[in-house]
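Single-structure report; data block below.
The values are calculated or read from the model by the stated rules, or taken from the named source; none is laboratory data. All values derive from a computational prediction rather than experimental measurement. Heads up, the Cβs are rebuilt from the backbone with ideal geometry, glycines too, and the neighbour counts pull from every protein chain shown. Areas reflect the complete protein model, heavy atoms only, side chains present, ligands, DNA and RNA absent. Shrake-Rupley method; radii C 1.70, N 1.55, O 1.52, S 1.80 Å.
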Amino acid sequence: MTITWRKWKVYIILTFLVLLTFPLLYWSRPPSVPAFANEEDEPRALLRVNTQEPHLALTFNVEWGEDIITETLETLDDYEISATFFVSGEWAERHPNLLEAIHEKNHELGILGYKGHRFSSMENYEIQESLKNTIKVFEKLDFAAPAYLYPPKGAFNAEVLKIADGENLNTVYGSIHPPLGTGSAMAEHILFHADNGDIIHLNATDESKGLPKALNIAVPVLKEQGYEFHTISSLASGMDIEIKKP
């Protein structure tokens, strides 16, 4: 696929942000998606998919609150879009009705960990316990075991990837991360960076008050440009993906 100047700018910006913040992630192995690892068979995190098709994925973190997630689900329903939601175990326990609503609307469920605490500041046994406790919440609520993990706050290292892999979880990071702000600013960020195969990662907690407006601005424009929206499983299945070590 020909790399346009716009795509080069996206790569340069993402690389710069990653170097200033935290090491990038990459992916392990779900039941219905190919295993993603490097030549040494080490787990990596999913950044984006290499494709010439106009396909995108929307993903959302949910750690607290009810209002924004409810509006988000209504907005996605209006546009007939399926997305992937990463929820904390604690939030799922408190809001089983909203977890059920996500599932009933044909969205995909992944996890953040039990309380959404930053894994990079936790001991390995604490990370493992957080993942196990969240998986138990899914079992208790009679949901299928999750296949995907987004590391809380986007922070992770090689040990986090190995622990997630040991729990049969695939780590997802994504390629577009709009900062919290007004709906217009978030939409502008998405529309400027979006390209074939991108994974757009957003927060659907109640502090992200601009999210519904951002979706209502960006989604119609992207659809008009010919983009289709997929869950992580749908986007990554059978495709050439981009993975990197932390």
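Going through Ala147, Ala155 one at a time, which residue ends up being within 21 Å of Ala236 (Cβ to Cβ), within 16 Å of the chain's Cα centre (by Cα) and touching a residue at least 60 places away in the same chain (Cβ under 8 Å)? Walk me through it before giving the result.
On the way: Ala155 fails: within 21 Å of Ala236 (Cβ to Cβ).
Exactly one of Ala147, Ala155 is within 21 Å of Ala236 (Cβ to Cβ), within 16 Å of the chain's Cα centre (by Cα) and touching a residue at least 60 places away in the same chain (Cβ under 8 Å), namely Ala147.
Only one of these conditions is not met by Tyr79: (1) in contact (Cβ under 8 Å) with a residue 60 or more places away in the chain; (2) within 16 Å of the chain's Cα centre (by Cα); (3) surrounded by fewer than 22 Cβ atoms within 10 Å (Cβ to Cβ). Which number is it?
The one condition Tyr79 does not meet is (2).
If the requirement is being acidic (Asp, Glu), in a loop (DSSP other than H, G, I, E, B) and at pLDDT below 95, which of these qualifies: Asp195, Asp206?
Asp206
Can you confirm whether Pro54 is closer than 28 Å to His193 by Cβ, open to solvent by 10 Å² or more (accessible area, probe 1.4 Å) and not basic (Lys, Arg)?
When the stated conditions are applied, Pro54 passes them.
Check Arg44, Arg29 and return the single one that is at pLDDT below 90 and open to solvent by 70 Å² or more (accessible area, probe 1.4 Å).
The match here is Arg29.
Could you tell me which residue of segment 82-113 is nearest to Leu131 (Cα to Cα), considering only residues that are open to solvent by less than 30 Å² (accessible area, probe 1.4 Å) and assigned to a helix (DSSP H, G or I)?
Gly89
Among the listed residues Val160, Val172, which satisfies the condition of being surrounded by 23 or more Cβ atoms within 10 Å (Cβ to Cβ) and in contact with a strand residue (DSSP E or B) (Cβ under 7 Å, 6 or more places away or on another chain)?
Result: Val172 is the single residue among Val160, Val172 that is surrounded by 23 or more Cβ atoms within 10 Å (Cβ to Cβ) and in contact with a strand residue (DSSP E or B) (Cβ under 7 Å, 6 or more places away or on another chain).
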